Amino acid sequence: MVEAERMRVSVIGTGYLGATTAACLSELGFEVLGLDVDEAKIDMLRSGRVPFFEPGLDELLTANLGTGRLSFTTSFAEAAEFADVHLICVGTPQRDESGAADLTYVQSAIERLAPHLTRPTVVVGRSTVPVGTAATLTARLHALAPVGEEAELGWSPEFLREGFGVEDTLRPNRIVIGTDSPRVEKAVRELWRQQVDDGVPFLVTDLQTAELVKVSANAFLATKISFINAMAEVSEAAGADVIQLAEALSYDDRIGGKFLGPGLGFGGGCLPKDIRAFMARATSSASSPRCPSCARWTRSTSAAARARSTSPGSSSAEASPDARSRCWAPRSSPTPTTSATLPRSTSPRPSPRWARE
Ligand SMILES: NC(=O)c1ccc[n+]([C@@H]2O[C@H](COP(=O)([O-])OP(=O)(O)OC[C@H]3O[C@@H](n4cnc5c(N)ncnc54)[C@H](O)[C@@H]3O)[C@@H](O)[C@H]2O)c1
């Protein structure tokens, strides 16, 4: 690999995460090549148009296209030739009714990139994946790359929030890299050198821990939202004021006030799908005789996810009532508790707030 300061980066998958990452890394001074299988998206990005709304991203894209540090392609051969570090930022949507993550796109990204890797290379996954995915992809990468095990894979989950994508990428609150490879660690450290120098915590873990950090962060945030909505129900029944209750809780720094606003519940592109994927993964692990602690894991995960995400009387932030009752209803109860069965209150409701991740 070339010296770190001249490291060139490809970003594979230029949707929300990838386009933001590509523009921000070029802003940090790296030469970046964004790659997507969607030609229309690549054409838009090449012409300086962002296919979604994200404050500040248009300006970064235009400025860095202008410097020549940022370009786009649909060719995996070109990306392999260009870059020393490849960041995998493709989607991991919900696969089917099981809630499991669809890993087709991450698998395809590895399978299309690997045959072109003819020199030592670092590949870093940034997509949100179920624990165990990176180990499987590592084996596939080694098998398909002409350079074999000299193509090394790490996993560095991304925690950016939609609407704050540029800010969160340039000033993350932590960087996590799952790897046991000094070369992978060095490359990721170099990518975020400025942030690390500014004091951003940099955590090196194994692959599984890095994968789990992301899904457990999302599960915890969803639990917080569900908790305060449950307290809103209790408050309504008791004649208490949940807004004051939440404020009083928020001054306890063990609890904190963020994601403690009663309202519509959680939604957005990631929290619901990631929690369903977590539950699906936990269930599949629980059936594995190799993992004795997974039964406990499944029980605790399900308990967290069963907590309702909606406030009384409000519509769900989820796609459909069916989907909601399927995913969040207590399994022991044949009749899911829905807003229709909850006590109604005449007290003013908290204003609905979306919490997105
Ligand atoms: N959106 C967020 O706020 C956010 C935050 C943190 C993590 N994530 C995670 O990041 C990942 C990407 O999310 P997103 O919101 O950017 O998704 P997205 O759907 O906006 O973008 C995914 C992109 O990947 C492209 N793609 C699919 N297969 C490909 C392949 N084989 N090669 C190259 N490109 C391919 C698609 O054409 C698309 O442009 C997901 O795992 C998501 O959970 C998203």
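Bear in mind these aren't lab numbers, they're just calculated from the coordinates by the rules spelled out. None of these values were measured; they are calculated from a predicted model. Cβ: placed from backbone, ideal geometry, glycine included. Neighbour counts: every protein chain shown.
Against the criterion of being surrounded by fewer than 24 Cβ atoms within 10 Å (Cβ to Cβ), among the hydrophobic types (A, V, I, L, M, F, W, C) and without any contact (Cβ under 8 Å) to a residue 12 or more places away in the chain, residue 53 qualifies. Consider segment 224-282 and keep the residues that are of a type in the set (Asp, Glu) and either under 28 Å from the mean Cα position of the chain (by Cα) or in a helix (DSSP H, G or I) (or both). The one that is farthest from residue 212 (Cα to Cα) is 236. When every residue of segment 150-172 is checked against the conditions, at least one turns out to be within 11 Å of the ligand (Cβ to nearest atom) and among the aliphatic types (A, V, I, L, M).
Within segment 185-210, the set of residues being under 20 Å from the mean Cα position of the chain (by Cα), among the hydrophobic types (A, V, I, L, M, F, W, C) and surrounded by 14 or more Cβ atoms within 10 Å (Cβ to Cβ) comprises 188, 191, 192, 200, 202, 204, 207, 210. Being closer than 23 Å to residue 147 by Cβ, more than 9 Å from the ligand (Cβ to nearest atom) and surrounded by fewer than 18 Cβ atoms within 10 Å (Cβ to Cβ) holds for only one residue in 77, 40, and it is 77.
Considering (1) surrounded by fewer than 24 Cβ atoms within 10 Å (Cβ to Cβ); (2) closer than 20 Å to residue 276 by Cα; (3) within 10 Å of the ligand (Cβ to nearest atom), the lone condition that residue 95 does not fulfil carries the number (3). Within segment 124-143, track down each residue that is under 16 Å from residue 101 (Cα atoms) and without any contact (Cβ under 8 Å) to a residue 60 or more places away in the chain. The answer is 125, 136, 137. Residue 204 satisfies every condition listed in (1) in contact with a helix residue (DSSP H, G or I) (Cβ under 8 Å, 6 or more places away or on another chain); (2) in a helix (DSSP H, G or I) except (2).
Counting just the residues of segment 99-156 that are of a type in the set (Ser, Thr, Tyr) and not in a helix (DSSP H, G or I), which one comes out surrounded by the fewest Cβ atoms within 10 Å (Cβ to Cβ)? Once the filter is applied, the top-ranked residue is 118.
Within segment 159-177, the residues that satisfy the criterion of being under 13 Å from residue 203 (Cα atoms) and assigned to a loop (DSSP other than H, G, I, E, B) are 172, 173, 174.
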